[in-house]
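What follows is one structure encoded as structure tokens, with my remarks underneath.
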Amino acid sequence: VALLADTPIYRRDNVRGEYNVVFSKDCIEKLVLKFFKDGLINKVNLNHKTDTTGITLIESVIKDERFTIEQFKDVPDGSWIVGYKVENPEVWNEIKNGKYTGFSVEGYFYEIPETEKDEIAEFINSLL
């Protein structure tokens, strides 16, 4: 699972301290569409630092009622499930040895603070 829908992801940094990031179903759908439009199926790096080659996205599905995958039955609808073909022998050995155990989708995301969300909602409602 590359992106788990509507599930808090713990983060901690030196600027904001501790917080959670949550990707909604709609947000994931937009991210996946942009991913494919931008042709990123071969764009992979290791630990957000080192670009690598020989790794290609070969499977991609956004889980919903149309797709019932037994191994992912407990994954929330709207989550993005991917499969990659690793043809880079060095990286494949590192995966088998446990150095790499999962995915992290890299991107620059704009966050709207809760107080601004309320103000935006009020403004939109005033227009309706």
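Tabulated results
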read-out: Failed condition for ARG66, given (1) modelled with pLDDT of 90 or more; (2) open to solvent by 80 Å² or more (accessible area, probe 1.4 Å); (3) over 27 Å from ASN20 (Cβ atoms); (4) charged (D, E, K, R); value: (1)
read-out: Every pair of residues 6+ apart whose Cβ atoms lie under 6 Å, when the first sits in region 1-19 and is basic (Lys, Arg) while the second is open to solvent by 100 Å² or more (accessible area, probe 1.4 Å); value: ARG12/GLU18
read-out: Matching option when the condition is touching a strand residue (DSSP E or B) at 6+ places or on another chain (Cβ under 9 Å), of a type in the set (Asp, Glu) and under 16 Å from GLU106 (Cα atoms), among ASP6, ASP51; value: ASP51
read-out: Filter result for the condition that a residue is surrounded by 14 or more Cβ atoms within 10 Å (Cβ to Cβ), touching a Lys or Arg at 6+ places or on another chain (Cβ under 7 Å) and either at pLDDT 90 or above or not in a loop (DSSP other than H, G, I, E, B) (or both), over ILE95, ILE81, ILE58; value: ILE81
read-out: Residues being in a strand (DSSP E or B) and open to solvent by less than 50 Å² (accessible area, probe 1.4 Å) - total across region 20-39; value: 2
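The values are calculated or read from the model by the stated rules, or taken from the named source; none is laboratory data. Small disclaimer: the values here were computed from a predicted structure and weren't measured. Quick reminder, even Gly has a Cβ in these numbers, built from the backbone with ideal geometry, and neighbours come from all protein chains shown. When the accessible area is computed, the model is the full protein with side chains, heavy atoms only, and any ligands, DNA or RNA have been set aside. Shrake-Rupley method; radii C 1.70, N 1.55, O 1.52, S 1.80 Å.
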